[in-house]
Amino acid sequence: MRGEPSCPKCGGRVRAPGLFADSWQCDVHGPVYPLQPVIPPSVEALSVVVHRAQVPVWMPWPLPVGWLFTGVACAGDDRSGGRATAVACSGPGPLGGMGELILVAEELGVGLGARYAGMDAPDPGPYMDVGKPAQAKVLAGGRPTPLWHVSGAPADRAVFAGEALGMWLWAVVWPEQSGLLMYDELVLADLRDAGAEIELVPCGALSPRLIEP
């Protein structure tokens with residue numbers, strides 16, 4: 001597990017702001033919001049990200065039966081605040097076996113959701129056919145939120161995206177058949193509004209998908 005910030009788009013090394021640049025820099029992607037090191041899941045780790053976040057921190061709440069919180073990631077620094085958040089959950093898949101879900105909220109162009117989706121473009125817009133009915137719907141922050149299937153992702157995962165509270169909302173599910181989870185109209189809570197309830201989140205082992213999608 002690396003202990004230094006990385007590029008949210010490619011996972012590569014980034015240079016801190018200095019004499020010649022006032023933002024974090026990736027050699028490939030230029031100015032980026034740095035992805036902070038991922039640490040083992042705990043209520044304390046979640047609280048740190050929630051406190052820093054300038055975007056929603058989405059989690060299915062209540063969690064599906066048997067599912068656990070398995071990690072959180074944040075892109076941004078102390079100056080910018082969190083401009084992208086990723087919450088991982090794991091549990092029994094709808095068709096058996098283990099399923100994994102990562103929910104990403106981010107500002108335009110940050111690129112963290114696309115990294116977990118396994119795509120090169122920073123945003124899902126060009127890969128969503130919004131002219132057709134949405135394939136999935138969630139209740140995000142109390143509002144019905146359509147999510148469209150995102151084309152072009154690797155075959156081992158199902159990817160959906162839409163907009164919630166003015167930010168991109170990505171849902172990336174492994175394996176692909178566990179994408180059926182998204183057809184159950186999940187209720188997503190923004191943990192920035194959770195208050196003391198955040199203490200009730202059940203924690204599991206760190207999802208390796210959060211570190212190397």
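Tell me the per residue accessible area of region 37-210 using a 1.4 Å probe; a whole number in Å² is fine. Please list the in-between numbers first.
Values: 7320 Å² over 174 residues.
Spelled out: the 1.4 Å probe surface of region 37-210, per residue, equals 42 Å².
Specify the angular offset, from 0 to 90 degrees and rounded to the nearest 10, of the alpha carbon long axis of helix 43-52 from the longest principal axis of the alpha carbons in the chain.
Helix 43-52 and the main axis of the chain meet at about 60 degrees.
The values are calculated or read from the model by the stated rules, or taken from the named source; none is laboratory data. Because the structure is predicted, anything quoted here is derived from the model rather than measured. Each accessible area value is taken on the protein alone, full model and side chains, heavy atoms only, with ligands, DNA and RNA left out. Shrake-Rupley method; radii C 1.70, N 1.55, O 1.52, S 1.80 Å.
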